[in-house]
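One structure is given here, and the rest of the page talks about it.
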Amino acid sequence: MRVLLRDDIDGVGKRGDIVEVARGFARNFLLPEGKALVASEGVQEQASSMRRARDLRDAKDREAADTVATAISASPVTVKARAGAEGRLFGSVTTTDLAEAIEAQTGAVIDRRKIHLPEPIKSLGTHVVPVHLHADVDAEVTVEVVAG
């Protein structure tokens, strides 16, 4: 069954796409939830306008991500943490701590789930942390953990 998607659906397509799906999937999920319309002859214009709106929104999101990437990559972010004599932290610096420090020091609001920290930081020093801001935009944040 051909349907016009009204929302992004993982594994199926994005908003404005006309896709072929199983009849049961369309009848039992997509149509009752309002996530799709049956693709008739007159739906082509609506699909193209939805795609244009999606493309404009994606371009705007990419520009915003580029701006944030330059802001967070420009200067190191300092995080204060309690540490022992050997430079080992009593706790750890997590993605939540990093997101709060980035917002406080640069003004850029980043969701903690976009910060890719393989394991929490447990030592003093300088660490480079990758951040995934957009499908096409990745940045690296230099984090300086100091005793506080």
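Quick notes on this structure:
- Candidate set from region 2-44 (those that are under 29 Å from D136 (Cβ atoms) and among the acidic types (D, E)); member that is most open to solvent (accessible area, probe 1.4 Å): D10
- Candidates in region 98-115 are the residues that are open to solvent by 90 Å² or more (accessible area, probe 1.4 Å) and not charged (D, E, K, R); of these, the one that is nearest to D66 (Cα to Cα) is V109.
- Residue match in region 94-109 (condition: over 30 Å from G148 (Cβ atoms) and within 18 Å of the chain's Cα centre (by Cα)): no
- D61 vs. criteria open to solvent by 40 Å² or more (accessible area, probe 1.4 Å) and farther than 30 Å from H127 by Cα: no
- Residue list for region 116-148, restricted to those being without any contact (Cβ under 8 Å) to a residue 24 or more places away in the chain, surrounded by 13 or more Cβ atoms within 10 Å (Cβ to Cβ) and in contact with a helix residue (DSSP H, G or I) (Cβ under 9 Å, 6 or more places away or on another chain): L117, H132
Conditions (1) touching a residue at least 40 places away in the same chain (Cβ under 8 Å); (2) more than 22 Å from A135 (Cα to Cα); (3) assigned to a loop (DSSP other than H, G, I, E, B), marked per residue:
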site	(1), (2), (3)
R15	no, no, yes
L31	no, yes, no
S40	no, yes, yes
Q46	yes, yes, no
R57	no, no, no
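- Test: residue in region 61-72 that is in a loop (DSSP other than H, G, I, E, B), within 24 Å of the chain's Cα centre (by Cα) and more than 29 Å from K14 (Cα to Cα): no
- In the condition set (1) more than 14 Å from L133 (Cα to Cα); (2) not in a strand (DSSP E or B), T78 is compliant with all but (2).
- Of the set (1) over 30 Å from V128 (Cβ atoms); (2) assigned to a helix (DSSP H, G or I), all apply to E100 but (1).
The values are calculated or read from the model by the stated rules, or taken from the named source; none is laboratory data. Source: prediction; values computed, not measured. With ideal geometry, Cβ positions are generated from the backbone for all residues, glycine too; neighbour counts draw on all protein chains shown. The area values use the complete protein model at the heavy-atom level, side chains included, leaving out ligands, DNA and RNA. Shrake-Rupley method; radii C 1.70, N 1.55, O 1.52, S 1.80 Å.
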